[in-house]
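Take a look at the structure set out below.
The values are calculated or read from the model by the stated rules, or taken from the named source; none is laboratory data. All values derive from a computational prediction rather than experimental measurement. Just so you know, the surface numbers come from the protein's heavy atoms only, side chains and all, with ligands and any DNA or RNA stripped out. Shrake-Rupley method; radii C 1.70, N 1.55, O 1.52, S 1.80 Å.
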Amino acid sequence: MASAAPSVQVGKATYHEPSGLSRSWAWIKRFARKRTFGFVAGVFCLFILLIGVGAGTGLLTPYDPTAVHGADRLLPMGSSSLDGTRYYLLGTDEYGRDVFSRLMKGAQLSLYFSIGVTAFSMSIGSTLGLMSAYFGGKFDLILSASWMPCRPSRSWSSRSRWSRSWAPGS
């Protein structure tokens, strides 16, 4: 049996100690009032995390993105299947596949690919940067010179024909 929150009697009034959950909500409200930008940024990051997890696990796809339903081909947005068992938020394509499920599957693949490429690039860059900082001297000079052609130069972009044709006053 759960015990009630402790209470304090002051005069004729009885004050109850807040529970752990109400103290947490009070802290969140106080944080939101004092640091509004931080609170909004935190909520946005939490929202992005939930969308990423939902897209990554397939929880947001209502139907199989590769399932073909020939009778439901080219249905408009917000329509139901002909037998009434499925609802298509973004309609169907020419093979009767759910467009919303296919869009979410594409977002999942893009998310995986972008995270993988970013992690790979960061590991290579961090390794080379740490080696350059540790060894220094000629190693740093050679490493920096070898990466120089990979960086775009400012003079190249300002001399291109496209930038001159769109420059103000030309």
Carbon and sulfur %, accessible surface of segment 36-82 computed with the full protein complex present, 1.4 Å: 78
Write down the Kirkwood hydrodynamic radius of segment 45-153, to one decimal in angstroms, obtained as one divided by the mean of 1/r over all alpha carbon pairs. 17.6
Could you please state, rounded to a whole Å, how far the C-alpha centre of segment 92-107 is from the C-alpha centre of segment 50-69? 10
